[in-house]
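Have a look at the structure below before the remarks.
The values are calculated or read from the model by the stated rules, or taken from the named source; none is laboratory data. All values reported here derive from a predicted model rather than from experimental measurement. Heads up, the Cβs are rebuilt from the backbone with ideal geometry, glycines too, and the neighbour counts pull from every protein chain shown.
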Amino acid sequence: MTALRPMPVATSASAPYWDAVRAHRLVAPRCRRCATLFFYPRARCPSCLHDDLDWVELTGRGHVYSCTVVRQAAHPAFADHVPYVFAIVELEEGVRMPTNVIDCDPASVAPDDAVEVTFVDVDDELTLPMFRPVLQARR
Ligand code: ZN
């Protein structure tokens, strides 16, 4: 029997994010007062603490800020997924998000690699934004 995957729980602050992801769009909250774009979604701007926020569509392009290869599943639901890449991806807009880099050899992923978002429909309820390498000439 396969263990059930831990599921994210949408809050009033994060529900618009999860709704967008389900529609295969990547968004982040932005403060209308000081223009700070931030991630993860929360009820107040982390810069000025105001709650007047809107949502900005992101390009989905960015680079690997940091990464590691997970070889030991931290939860039984991920036992069939190891080895996989856990990464912090920095989007072109400057926000960073925890994610996975997929569709590649895990050992090939390194900081500064160019990546682009891809949406993985885990099941009828859950879609996750993950990233895949963008093939380009090395600097
Ligand atoms: Zn602000």
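Of all the criteria given as (1) surrounded by fewer than 16 Cβ atoms within 10 Å (Cβ to Cβ); (2) within 18 Å of the chain's Cα centre (by Cα); (3) of a type outside the set (Ser, Thr, Tyr), the one not satisfied by PHE39 is (1). Residues that are at pLDDT 95 or above, in contact with a strand residue (DSSP E or B) (Cβ under 9 Å, 6 or more places away or on another chain) and in a loop (DSSP other than H, G, I, E, B) within segment 72-92 comprise VAL82, PRO83, GLU92, listed in sequence order. Just to be sure I understand, how many residues within segment 104-129 are under 15 Å from the mean Cα position of the chain (by Cα) and surrounded by fewer than 19 Cβ atoms within 10 Å (Cβ to Cβ)? Counting residues in segment 104-129 that are under 15 Å from the mean Cα position of the chain (by Cα) and surrounded by fewer than 19 Cβ atoms within 10 Å (Cβ to Cβ) gives 10.
Listed conditions (1) farther than 18 Å from THR118 by Cβ; (2) assigned to a helix (DSSP H, G or I); (3) of a type in the set (A, V, I, L, M) are all met by ALA35, apart from (2). One residue alone among ARG32, ARG44, ARG25 is surrounded by 14 or more Cβ atoms within 10 Å (Cβ to Cβ) and within 16 Å of the ligand (Cβ to nearest atom), and that residue is ARG44.
Yes or no, residue by residue, for (1) free of Cβ contacts under 8 Å to residues at least 24 places away in the same chain; (2) touching a Cys at 6+ places or on another chain (Cβ under 9 Å); (3) among the acidic types (Asp, Glu):
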| residue | (1), (2), (3) |
| --- | --- |
| SER66 | no, no, no |
| VAL85 | no, yes, no |
| GLU90 | no, no, yes |
| ASN100 | no, no, no |
| ASP103 | no, no, yes |
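Within segment 15-55, restricting attention to residues that are acidic (Asp, Glu) and free of Cβ contacts under 8 Å to residues at least 12 places away in the same chain, the residue that is farthest from THR127 (Cα to Cα) is ASP51. Could you go through segment 47-57 and let me know if any residue there is more than 16 Å from the ligand (Cβ to nearest atom) and out of contact with any His (no Cβ under 8 Å at 6 or more places or on another chain). Among the residues of segment 47-57, at least one is more than 16 Å from the ligand (Cβ to nearest atom) and out of contact with any His (no Cβ under 8 Å at 6 or more places or on another chain), which makes the answer yes.
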